[in-house]
Amino acid sequence: MFMELNDFEVGYSKKVIVHGISMRIGEGEIVSIIGHNGAGKTTTLKGIMGILRPLRGKVVFKGQDITGHSPLENVKNGISFLPQDRFIFPELSVKENLDLGAYTVEDDINSRLEIIYQLFPILKERSGQRSSTLSGGERRMLGLGMILITRPQLLLLDEPSLGLAPVLVTTLLESLRNIRDSFGTSILLVEQNVRQAMEFAQRVYVMKMGSIILEEKGEKLLQRGEWWDLF
Amino acid sequence: MDYVIHLIILVLLYSVVAISLNLLVGFTGLLSVGHAAFFGIGAFASGLLAYYHGVHFLIGMLAGIVIAIIAGALVSIPALRVKDEFLVLLTIGFNMVIFGFLVTQQDLTGGRWGKVGIPALSFFGINLATPAKALPIVILFFAICFAIGWRLTHSPFGRVLKAMRDDENAAKAFGKNIFRFKVLVFSLGAGLAAIAGSLWSHYHAYVEPRAFTVNESIFLLALVVIGGSANLWGSVLAALVLITIPEILTFLPGAETGEVPISAVRIAIYGALLVVFMRFRPKGLLPEHLSFRGRKLQYLPITAEEKENILRPDETKRYSGLSGEKNETPLQIEGLYKHFGGLKAVDNVSLDLPKGRITALIGPNGAGKTTIFNLITGFLSVDSGRIHLRGREITNQPPHRINHLGLARSFQEVRIFRNMLVLDNVLVACGKQKGENLGDLFFRPWRVALEEKENCRLAMAYLDIVGLSEKAEILANDLAFAEQKLLMLACLLATRAEVLLIDEVVSGIDPGSIERFMSLVRQLANWGKTICIIEHNIDVVKTVADLAYFLSEGKVIAVGTPDELLADPKLTKIYFGI
């Protein structure tokens, strides 16, 4: 298995938010977590990334136990995380932000930059502009650009479509699929846009009060129709 | 024994100064490194008046307070525009100016060596020259200053200070006049420090400028930080610890023989202790959020009828100086322009928000939707064009005034007061409060208490409406992202404004909450509120919006019902790419 969580428990100081969940993601698989406000979705991602220290359990990535690794180690190892908010450096220009995203990249980043600019042409247009002047949606594109530039093998995305106009949501999901197809990247996606998440993901985990209450194929869950009741 | 009492007096005096500085640094987030200047102003004003004119120390103290308050207000005005490191430099500069003045005015102040022979404290003709006799007076003033500090910080006034610290723009959006509060807190902090200064000079029977240098200001800042920002007891504890430790270190072995440079060893040990404190108690000895644990909240629940009432526009607000209240389009915008360099962010936009209707602004990212909200609410200045609220022009008015006139907005990004309780967040938004006024706070406390009790009840009701009432007593920062967005909505409701501008509140919240949001805004509109939403969730726009403006590249390119707009192939091409 590409990535696996076993009996994974995370929380803040002494407060446990995620209670011993187990989860797995195959290579090149797109998996989504959906659930209530405050169900522990973001906390799960932060725990995998090493931003929060797991209280119990294991994270295994490519056969290696990475439990308790720092975010820096994880980024070098091929895991990237896009948080819900505050993911860019507003005082820096767009280009500088992208350069920072490529901090761990050792080879020439220009070709990688070109790919990002192809994905989000607006970033090229605005490359010299201070990123605090970007609109909400443009900031999110920049955030995505910053993490995609490292060519991660596992993408942890916390509501990437937040604040994006529908046209961009479609583009975004398409480009994520392209990235998966061309690089074999696995994607773990937290999405509040439930319908879209189910259409996009191969498998869906439903979380409630810090536990996984259901695991299902995306399309199957969509057909069930009664998924609304889960909330 | 006198030595121990002497130490107690020093601890109490430094506690007062630390508390006064904590008002600025801990509660308001204004990093001042010039506070010793106010301490010194109090000491010199009171001491010199007694020395030259034989004035009683209480009158001298009063004079010191007045001078310090004026100086505090003067410093606060340039300080309004600067923050963080710039404010640090500005206050250091101020401290140096005062120090330089005291040193150079030799005839008046005694110059570098100060004045010896300041008359001792006295009360009803009794001379209080020994530490034991002075102690009761010092305790009395400590108690008064602590009580003032406590009242200021544990009240609606203190809540605004913390809100400004956590997010100044959000505080403005809720109608708080940042200018007024900054001037007040600087003046109050200066006045309290002057009280300690006055006692200090009479107790020591001398004043010298060297006691009020920038170094001293840094020591005062250390008291606040080590004790715990925004915790008054912390400041007292820090004064106790930081003043007694050096004294204890004087008993180190070897002090008499002079074999080791004992003063250097003392400084080193003292410094090491500071490092250890900061390493193991980074939030201070007594952190800010220690005191509310175990506080039990009980409120009368809100009845259904009352619930309708608190969601209706606040009638009293609507008539405050506004003409044309029968107008059916409360907000009218004509020919609005805003350019950033070459970028036309808003380009000749005119729009009307009809009463009781929900208007949506839709369009691609970067179309200028949020910029329009920022222009209406005074967060950005308008290049040209006019904005009228109920017939009154509000173009380029400051944000807090626009809020007072009955127009409130939410922010696209999460803007909450993170280091405050969820309940306190909503309370900040509850309009102008009696407890934010110093006169009412100190002289009509019953009114403040009554209003506060009612506001708490209302705030709980607003939290209940968005489904957060069970989390009222936790820190806003500990809420999940979606809950923080719901909290912003509760705050917006608590403003009771007639016109609400809602910027992407539902993005990132779960479908159940979206359902509730939609029925809530519909209800609000039915009850007479005027609502404008920016939204990318097309289902939400279709369900709730009566009218939509389609924006692209700063221009309104179409107006109509959401269904009409979304049936237009030209627009769907722009919006959906199909």
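The values are calculated or read from the model by the stated rules, or taken from the named source; none is laboratory data. Computed from a prediction, not measured in an experiment: that's the story for all the values here. No Cβ is skipped: glycine too gets one built from the backbone with ideal geometry, and neighbour counts run over all protein chains shown.
Being aliphatic (A, V, I, L, M) and free of Cβ contacts under 8 Å to residues at least 12 places away in the same chain: is that true of B:Val4 here? Criteria met by B:Val4.
Against the condition more than 14 Å from every other protein chain (Cβ to nearest Cβ) and in contact with a Gly (Cβ under 6 Å, 6 or more places away or on another chain), how does B:Glu483 come out, does it pass? No: the conditions fail for B:Glu483. Against the numbered list (1) under 23 Å from A:His19 (Cα atoms); (2) in contact with a helix residue (DSSP H, G or I) (Cβ under 9 Å, 6 or more places away or on another chain), A:Ser70 comes up short only at (2). The helices (runs of 4 or more DSSP H) found wholly in the stretch B:81-198 and carrying at least 3 residues that are modelled with pLDDT of 90 or more and not small (Gly, Ala, Ser) occupy B:84-104, B:131-153, B:156-166, B:168-173.
Look at A:Leu214 and say whether it is assigned by TED's automatic domain parsing to the domain that holds A:Gly50 and part of a helix (DSSP H, G or I). Walk me through it before giving the result.
On the way: assigned by TED's automatic domain parsing to the domain that holds A:Gly50: yes; part of a helix (DSSP H, G or I): no.
No: the conditions fail for A:Leu214.
Within the stretch A:101-114, residues that are in the same structural domain as A:Ser131 (by TED's automatic domain parsing) have Cβ atoms under 6 Å from residues that are charged (D, E, K, R) in these pairs: A:Thr104/A:Lys76, counting only partners at least 6 apart in sequence or on another chain.
In this structure, does B:Ala429 turn out to be buried (at least 21 other Cβ atoms within 10 Å of the Cβ), of a type in the set (Gly, Ala, Ser) and not assigned by TED's automatic domain parsing to the domain that holds B:Lys182? Even if it seems obvious, please write down each step before you answer.
Working: buried (at least 21 other Cβ atoms within 10 Å of the Cβ): yes; of a type in the set (Gly, Ala, Ser): yes; not assigned by TED's automatic domain parsing to the domain that holds B:Lys182: yes.
Considered against the rule, which asks whether it is buried (at least 21 other Cβ atoms within 10 Å of the Cβ), of a type in the set (Gly, Ala, Ser) and not assigned by TED's automatic domain parsing to the domain that holds B:Lys182, B:Ala429 comes out as yes.
Selection of the stretch B:541-573 for residues being within 43 Å of the chain's Cα centre (by Cα), within 12 Å of chain A (Cβ to nearest Cβ) and crowded, with 17+ Cβ neighbours inside 10 Å yields B:Val541, B:Phe550, B:Leu551, B:Ser552, B:Gly554. Scanning the stretch B:242-263 for residues that are assigned to a helix (DSSP H, G or I) and either modelled with pLDDT of 75 or more or acidic (Asp, Glu) (or both) turns up B:Leu242, B:Ile243, B:Thr244, B:Ile245, B:Pro246, B:Glu247, B:Ile248, B:Leu249.
Kindly indicate whether A:Leu214 is farther than 29 Å from A:Leu72 by Cβ and crowded, with 21+ Cβ neighbours inside 10 Å. If you could, list the steps in order and put the result at the bottom.
Numbers: farther than 29 Å from A:Leu72 by Cβ: yes; crowded, with 21+ Cβ neighbours inside 10 Å: no.
Considered against the rule, which asks whether it is farther than 29 Å from A:Leu72 by Cβ and crowded, with 21+ Cβ neighbours inside 10 Å, A:Leu214 comes out as no.
Mind checking which residues of the stretch B:396-423 are farther than 16 Å from B:Leu492 by Cβ and either within 14 Å of another protein chain (Cβ to nearest Cβ) or part of a helix (DSSP H, G or I) (or both)? If you could, list the steps in order and put the result at the bottom.
Filtering the stretch B:396-423 down to residues farther than 16 Å from B:Leu492 by Cβ leaves B:396-398, B:401, B:418-421.
Hits for the stretch B:396-423 are B:Arg401, B:Arg418.
Would you mind finding the one in A:Leu142, A:Leu189, A:Leu221 that is under 30 Å from B:Phe373 (Cα atoms), within 14 Å of chain B (Cβ to nearest Cβ) and crowded, with 21+ Cβ neighbours inside 10 Å? Only one candidate qualifies: A:Leu142.
Scanning the stretch A:146-162 for residues that are within 14 Å of chain B (Cβ to nearest Cβ) and without any contact (Cβ under 8 Å) to a residue 60 or more places away in the chain yields one hit, A:Ser161.
One line per residue, one yes/no per condition, for (1) touching a helix residue (DSSP H, G or I) at 6+ places or on another chain (Cβ under 8 Å); (2) among the basic types (Lys, Arg); (3) surrounded by fewer than 22 Cβ atoms within 10 Å (Cβ to Cβ); (4) not assigned by TED's automatic domain parsing to the domain that holds B:Phe141:
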site	(1), (2), (3), (4)
B:Phe38	yes, no, no, no
B:Ala45	yes, no, no, no
B:Ile65	yes, no, no, no
B:Ile77	yes, no, yes, no
B:Asp84	no, no, yes, no
B:Val88	no, no, yes, no
B:Val103	yes, no, yes, no
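Scanning the stretch B:332-386 for residues that are of a type in the set (Lys, Arg) and buried (at least 22 other Cβ atoms within 10 Å of the Cβ) yields B:Lys338, B:Lys369.
Against the definition (aromatic (Phe, Trp, Tyr), over 19 Å from A:Gly78 (Cα atoms) and either surrounded by 22 or more Cβ atoms within 10 Å (Cβ to Cβ) or more than 11 Å from chain B (Cβ to nearest Cβ) (or both)), how does A:Tyr117 come out, yes or no?
Working: aromatic (Phe, Trp, Tyr): yes; over 19 Å from A:Gly78 (Cα atoms): yes; either surrounded by 22 or more Cβ atoms within 10 Å (Cβ to Cβ) or more than 11 Å from chain B (Cβ to nearest Cβ) (or both): yes.
Yes: the conditions hold for A:Tyr117.
Residues in the stretch A:199-214 that are within 12 Å of another protein chain (Cβ to nearest Cβ) and on the phi < 0 side of the Ramachandran plot: A:Val206, A:Met207, A:Lys208. Residues satisfying the criterion are present in the stretch B:508-527 (criterion: at pLDDT below 90, buried (at least 24 other Cβ atoms within 10 Å of the Cβ), small (Gly, Ala, Ser) and more than 21 Å from B:Ala459 (Cα to Cα)). Scanning the stretch A:163-186 for residues that are within 14 Å of chain B (Cβ to nearest Cβ) and modelled with pLDDT of 90 or more turns up nothing.
Results for (1) closer than 28 Å to B:Cys491 by Cβ; (2) within 14 Å of the chain's Cα centre (by Cα); (3) of a type in the set (Gly, Ala, Ser), shown as yes or no for each residue.
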| residue | (1), (2), (3) |
| --- | --- |
| B:Leu128 | no, no, no |
| B:Lys133 | no, no, no |
| B:Asp166 | yes, yes, no |
| B:Ala171 | yes, yes, yes |
| B:Lys176 | yes, yes, no |
| B:Ala194 | no, no, yes |
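Across the stretch B:212-241, the qualifying residues are those that are in a helix (DSSP H, G or I) and among the hydroxyl-bearing types (Ser, Thr, Tyr), and the one among them that is nearest to B:Ala147 (Cα to Cα) is B:Ser235.
Of all positions in the stretch A:29-49, at least one carries a residue that is more than 13 Å from chain B (Cβ to nearest Cβ), in a loop (DSSP other than H, G, I, E, B) and in contact (Cβ under 8 Å) with a residue 40 or more places away in the chain. Just give me the residues in the stretch A:40-51 being hydrophobic (A, V, I, L, M, F, W, C) and buried (at least 19 other Cβ atoms within 10 Å of the Cβ), in sequence order. A:Leu45, A:Ile48, A:Met49 - these are the residues of the stretch A:40-51 that are hydrophobic (A, V, I, L, M, F, W, C) and buried (at least 19 other Cβ atoms within 10 Å of the Cβ).
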